[in-house]
Amino acid sequence: MMVSRASWDLGLFAPSVSSLSAAETIALAAHHGYRCLEWRIQTAEALARSPWGPAHNALVFERLAEDVPQAATWMRQAGLATCGVQADVPLEQLDAIAPILAAARALGAPLVRVGAPAFDPAAGYLAQRDAFRQRFMAWLAAGAGLRICVENHFDTIAPSATLAADLLRDFDPARAGIIWDPANTVLEGSERPELALDQIGEYLAEVHIKNGLWRVEETKGWAFAWCCLDEGMLAWPQVLGLLAGAGYAGPLVVEDYRPLEPGVKVAHARDYLCSIAV
């Protein structure tokens with residue numbers, strides 16, 4: 001399904017429905033009219049110690065030779081594309097670069113997302129930024145035909161779009177990009193969407209779709225929670241208008257970790273986005 005206004009493809013970040021197998025994830029996305037999926041590659045060790053429980057639809061790093069061809073076949077049969085691959089491995093794990101990039105190519109993904117580190121006050125931002133850029137260049141050097149991306153994400157040195165852009169400054173935007181997740185900045189890294197898009201500029205590669213809010217809880221005081229797209233602090237009608245004005249033509253990728261029935265989550269996101277992007 002395309003979301004109108006700019007004819008954006010509707011995508012789903014597979015970990016949003018991690019209770020499903022890869023085959024079930026593909027079937028669910030196709031059934032609800034989604035056009036593409038973004039996959040996560042994780043090591044078996046990371047999956048075993050995940051605080052969110054097992055992710056049944058992850059592509060396991062140690063099993064890429066088996067998992068990727070099977071997923072690619074199922075995707076082709078369902079008529080879905082792969083919009084991206086998240087490399088959930090340490091950026092400095094150089095022996096992971098070649099197999100992950102090969103997996104992305106086999107899936108037909110245009111981009112691979114790598115992670116920024118958590119902020120270390122003892123090291124300082126500038127030192128961490130420079131170390132990130134050195135490691136990022138190793139992925140760029142091996143990433144012919146792919147766009148290597150970073151996402152603005154809380155609990156990292158790039159919680160805002162402005163800081164994500166600073167990590168990539170002077171890299172070729174045809175080869176390096178930013179996955180913009182404006183809802184992440186409701187939790188950390190708040191900035192006006194207009195400023196975020198101005199700072200990202202040509203690096204804009206993909207947009208993640210979710211929402212969140214702050215509320216006062218009797219026992220905790222102020223607490224953050226993820227919520228429905230139409231209930232949070234981020235005004236998605238405004239953001240979609242800005243994206244259309246900026247000429248963004250990539251996918252809108254739904255990312256929703258709330259413990260709801262998978263079909264309910266993906267249907268609500270689809271219906272809401274189509275209702276506001278007219």
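The values are calculated or read from the model by the stated rules, or taken from the named source; none is laboratory data. Treat the numbers as computed from the prediction; the structure is a model and nothing was measured. Cβ coordinates were reconstructed from backbone atoms using ideal geometry, including for glycine residues, and neighbour counts include every protein chain displayed.
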Output the strands (runs of 3 or more DSSP E) that fall wholly within region 168-230 and possess 3 or more residues being over 18 Å from the mean Cα position of the chain (by Cα), or say none. 211-217, 221-227
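Residue by residue, here is whether (1) hydrophobic (A, V, I, L, M, F, W, C); (2) surrounded by 21 or more Cβ atoms within 10 Å (Cβ to Cβ); (3) not in a helix (DSSP H, G or I) holds:
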residue	(1), (2), (3)
ALA27	yes, no, no
GLU38	no, yes, yes
ALA46	yes, no, no
ALA65	yes, no, no
THR73	no, no, no
THR82	no, yes, yes
Between a first residue in region 266-278 that is at positive phi and in contact (Cβ under 8 Å) with a residue 60 or more places away in the chain and a second residue that is in a helix (DSSP H, G or I) and buried (at least 17 other Cβ atoms within 10 Å of the Cβ), which pairs have beta carbons less than 8 Å apart while being 6 or more apart in sequence or on different chains? none
Within region 107-149, can you find the residues that are aliphatic (A, V, I, L, M) and under 19 Å from the mean Cα position of the chain (by Cα)? LEU107, ALA109, LEU111, VAL112, VAL114, ALA116, ALA118, LEU140, LEU146, ILE148
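Look through GLU38, GLU24 and report the one residue that is at pLDDT 95 or above and touching a Cys at 6+ places or on another chain (Cβ under 7 Å). Explain how you work it out, then say what you get.
On the way: GLU24 fails: touching a Cys at 6+ places or on another chain (Cβ under 7 Å).
Going through GLU38, GLU24 in turn, the sole match is GLU38.
Got a number for residues in region 157-167 being part of a loop (DSSP other than H, G, I, E, B) and either among the hydroxyl-bearing types (Ser, Thr, Tyr) or closer than 11 Å to ARG147 by Cβ (or both)?
Residues that pass the stated criteria total 1.
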Going through region 108-146 one residue at a time, which ones are free of Cβ contacts under 8 Å to residues at least 24 places away in the same chain and part of a loop (DSSP other than H, G, I, E, B)? ASP120, PRO121, ALA122, ALA123, GLY124, ALA144
Take the residues in region 84-95 that are surrounded by fewer than 19 Cβ atoms within 10 Å (Cβ to Cβ) and of a type outside the set (Asp, Glu); name whichever of them is farthest from GLY143 (Cα to Cα). PRO90
Residues in region 29-49 that are touching a strand residue (DSSP E or B) at 6+ places or on another chain (Cβ under 8 Å) and farther than 26 Å from LEU252 by Cβ total 4
Looking at the structure I just gave you, is VAL264 hydrophobic (A, V, I, L, M, F, W, C), under 23 Å from SER19 (Cα atoms), in a helix (DSSP H, G or I) and modelled with pLDDT of 95 or more? yes
Pair list, Cβ under 7 Å, 6 or more apart: region 73-87 residue touching a residue at least 40 places away in the same chain (Cβ under 8 Å) and more than 23 Å from ARG147 (Cβ to Cβ), other residue surrounded by 12 or more Cβ atoms within 10 Å (Cβ to Cβ) and basic (Lys, Arg): none
Flag for PRO15 being under 19 Å from the mean Cα position of the chain (by Cα), farther than 26 Å from ALA141 by Cα and surrounded by fewer than 22 Cβ atoms within 10 Å (Cβ to Cβ): yes
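Here's the yes/no breakdown for (1) of a type outside the set (Gly, Ala, Ser); (2) modelled with pLDDT under 95:
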position: ARG49; (1), (2): yes, yes
position: GLY124; (1), (2): no, no
position: GLN128; (1), (2): yes, no
position: GLN134; (1), (2): yes, no
position: ALA138; (1), (2): no, no
Please determine whether any residue of region 173-187 is at pLDDT 95 or above, of a type in the set (A, V, I, L, M, F, W, C) and surrounded by fewer than 17 Cβ atoms within 10 Å (Cβ to Cβ). yes
Tell me, which residue of region 248-258 that is in a loop (DSSP other than H, G, I, E, B) and in contact (Cβ under 8 Å) with a residue 40 or more places away in the chain is farthest from LEU195 (Cα to Cα)? TYR257
So for region 202-216 (the condition being of a type in the set (S, T, N, Q) and surrounded by fewer than 17 Cβ atoms within 10 Å (Cβ to Cβ)), does at least one residue qualify? no
If we ask which residues in region 48-57 are surrounded by 20 or more Cβ atoms within 10 Å (Cβ to Cβ) and either on the phi > 0 side of the Ramachandran plot or in contact with a Pro (Cβ under 7 Å, 6 or more places away or on another chain) (or both), their number turns out to be 1
